[in-house]
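Engineer: Let me begin by handing over the structure; questions about it come next.
Quick note: the coordinates plus some simple rules give every number you see, no bench work behind them. Quantities reported herein were computed from a predicted structural model and do not represent experimental measurements. As a convention, Cβ positions derive from the backbone with ideal geometry for all residues, glycine included, and neighbour counts pool all protein chains shown.
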């Protein structure tokens, strides 16, 4: 019960990257402010790139340098009273030669009626309006990449507003790689095939599950995962080493960052959700997994697929891997062989990872955390890494999904507590685009799971020839057949409830 209450709290008070319609006050009024620009320390991009070239495997891919600052509305920027009796605040910063800038905030609060914008000089790019709907109980917030090395943050509230803006800029991220491709649309991208090439060849579901994770200065990949209730709870699977030491409430998830043509090299960054909570993780490289619960709304129009999974630990026949190497638009790797067990960094002991030799494609920085799919498009692992080199085409190691399932660990170290919260005993489940209604095990649709459902299942088993709908409802352990194991699963549901 305590765990369920905790989940409700996480959901109720999560923040969202909702943007309201509007336009900056300075633009509406034609104001010509002489912005006082704060120059940030010089960033040595060449030195950073040299460090990145020696990045150890099993570490996230860095694209940005973090300026740690302490600029607040109380002691930084300029406040002015406007002609209409309102208040106007602005601050401008420059980090020379940055491809883009992004910001993270603490003590973030916007009163009702206030509007905050982040914009580039000349209004080439405008982010916002951010309003009171973006407040949260954490007091944390972040705004996405703004093209260029100079950014202006401005705020306006009309006369009579109850309260006043509060925020502290804690981090300004200097993008030294052009991770959003604002200025480098023609860069070659060769690590895997463009995912769009395979949408018509039966790979649409894993492609729609994959997403790009921006942790602020670092990136990884991951995938949305289904749960036994199939209620579209926004669980996101990635690697532990991607989130270790970072702050998930400021994470950003891009779902449709992919090219529009098979031969294309550029893409719009697409739809994104903002903020998450880390609900469970491996706390180490065995088997290097992290389960996040996204706080923001996942819109139906994004056509996100919530991938199924296989927690049996059986040797899987591999089909594909969807990932964002180097922050590139969605790529796909292909295989048709069985994976085999291996160790992380040859540590010996239990085989904690699946080792895959890709027939097509490979992995590199930014691919970490991406899902490994079996031939039924169920997740069986998440990427830890592979050998150094261009596109890591020799092999890749994926932490076994099954090792995070229900081992003798506390609840923040088990996926079962979140992906099978009713403890039905399900070890295999398919994915879905839509919410599946009905309680697992409620075979006669009376909103109860009891002896009548056991009788209904027995009738299906002994009469034979169940319909596809019967199978979907009554195959509770996901093994593709109806038998005594499904009756046991219903008994377990009854006893747990």
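Engineer: Expressed as a rounded percentage, what relative contact order does segment 2-175 have, with Cα pairs under 8 Å and six or more residues apart?
Structural biologist: Values: 344 pairs, mean separation 56.4, N = 174.
Relative contact order for segment 2-175 comes out at 32 percent.
Engineer: A further question on this structure: Tell me the volume per residue, in Å³, of the convex hull enclosing the alpha carbons of the chain. Please report the intermediate quantities before stating the final value.
Structural biologist: Numbers: hull volume 79.2 nm³, N = 497.
Residue-normalised Cα hull volume stands at 159 Å³.
Engineer: Using a Förster distance of 51 Å, how high is the FRET efficiency between residue 465 and residue 137, based on the Cβ-Cβ distance and rounded to 0.05? Spell out each step's value before the answer.
Structural biologist: Numbers: r = 54 Å, r/R0 = 1.05.
The pair residue 465/residue 137 has a calculated efficiency of 0.45.
Engineer: Then there is this: To test your reading of the geometry: what angle, between 0 and 90 degrees and rounded to tens, separates the Cα axis of helix 2-12 from the longest principal axis of the chain?
Structural biologist: 40 degrees
Engineer: Show me 221-230, 143-152, 73-82, 113-122 ranked by packing, highest mean number of other Cβ atoms within 10 Å first.
Structural biologist: On the way: 221-230: 24.3, 143-152: 21.8, 73-82: 14.0, 113-122: 19.0.
Averaged packing, sorted descending, gives the order 221-230, 143-152, 113-122, 73-82.
Engineer: Now for a separate question. Arrange 238, 312 by Cβ neighbour counts within 10 Å, fewest through most, would you?
Structural biologist: Working: 238 30, 312 16.
Fewest-to-most ranking of 238, 312: 312, 238.
Engineer: Using the 10 angstrom Cβ neighbour count as an exposure proxy, how do 236, 305 rank, fewest first?
Structural biologist: On the way: 236 24, 305 21.
Fewest-to-most Cβ neighbours within 10 Å comes out as 305, 236.
Engineer: If each of residue 481 and residue 82 carries a label point 7 Å out from its Cα toward its Cβ, how far apart are those two points in nm?
Structural biologist: Going from the residue 481 label point to the residue 82 one covers 7.1 nm.
Engineer: Using the Cα gyration tensor of segment 438-497, with a ≥ b ≥ c the square roots of its eigenvalues, what is the shape: rounded (a/c below 1.5), prolate (a/b larger than b/c) or oblate (neither)? Before the final figure, lay out each step's value.
Structural biologist: Details: a/c = 1.58, a/b = 1.42, b/c = 1.12.
It is prolate, given that a/c is not under 1.5 and a/b is the larger ratio.
Engineer: While we're on this one: So what is the calculated 222 nm ellipticity per residue for the chain, using -39500 (n - 2.57) for each DSSP H run with n of 4 or more, over all residues, to the nearest 500 deg cm²/dmol? Walk me through the numbers on the way to the answer.
Structural biologist: On the way: 9 runs with 72 residues, N = 497.
When only DSSP H runs of four or more count, the value is -4000 deg cm²/dmol.
Engineer: Relative to the present Cα-Cα distance, how much length would full extension add between residue 451 and residue 39 at 0.36 nm per residue of separation?
Structural biologist: Values: separation 412, 0.36 × 412 = 148.32 nm, distance 7.14 nm.
Result: 141.2 nm gained on full extension.
Engineer: Assign one of three labels to segment 109-234, namely rounded, prolate or oblate, based on the Cα gyration tensor with a ≥ b ≥ c the square roots of its eigenvalues; rounded applies when a/c is under 1.5, prolate when it is not and a/b is larger than b/c, and oblate otherwise.
Structural biologist: Cα axes put segment 109-234 in the oblate bin.
Engineer: Helix 451-463 sits at what angle to the longest principal axis of the chain, using alpha carbons and giving 0 to 90 degrees rounded to 10?
Structural biologist: Tilt relative to the chain: about 60 degrees.
Engineer: If each residue's Cβ is checked for other Cβ atoms within 10 Å, how do 462, 377 rank with the fewest at the top?
Structural biologist: Values: 462 8, 377 21.
If I rank by nearby Cβ atoms, fewest first, I get 462, 377.
Engineer: If I take every Cα pair under 8 Å that is 6 or more residues apart in segment 193-404, average their sequence separation and divide by the length, what percent do I get for the relative contact order? Can you show the working numbers first?
Structural biologist: Details: 608 pairs, mean separation 49.6, N = 212.
Value for segment 193-404: 23 percent.
Engineer: Rounded, prolate or oblate for segment 2-175? Axes are the square roots of the Cα gyration tensor eigenvalues, ordered a ≥ b ≥ c, and the cut-off for rounded is a/c under 1.5.
Structural biologist: Values: a/c = 2.27, a/b = 1.19, b/c = 1.91.
Here segment 2-175 falls in the oblate category.
Engineer: Separate question: Work out the FRET efficiency for residue 46 and residue 199 from their Cβ-Cβ distance, taking R0 = 45 Å, and round it to the nearest 0.05. Could the numbers behind the result be given before it?
Structural biologist: Numbers: r = 39 Å, r/R0 = 0.86.
My answer for the efficiency is 0.70.
Engineer: Also, quick follow-up: Between residue 355 and residue 97, what length in nm is gained on full extension when 0.36 nm per residue of separation is reduced by their alpha carbon distance? Let's see the in-between values first.
Structural biologist: Numbers: separation 258, 0.36 × 258 = 92.88 nm, distance 4.06 nm.
Stretched fully, the residue 355-residue 97 segment lengthens by 88.8 nm.
Engineer: Once the piece of chain linking residue 434 and residue 161 is laid out straight, how much longer is it, given 0.36 nm per residue of separation minus the C-alpha distance between them?
Structural biologist: Once the chain is fully extended between residue 434 and residue 161, it gains 94.1 nm.
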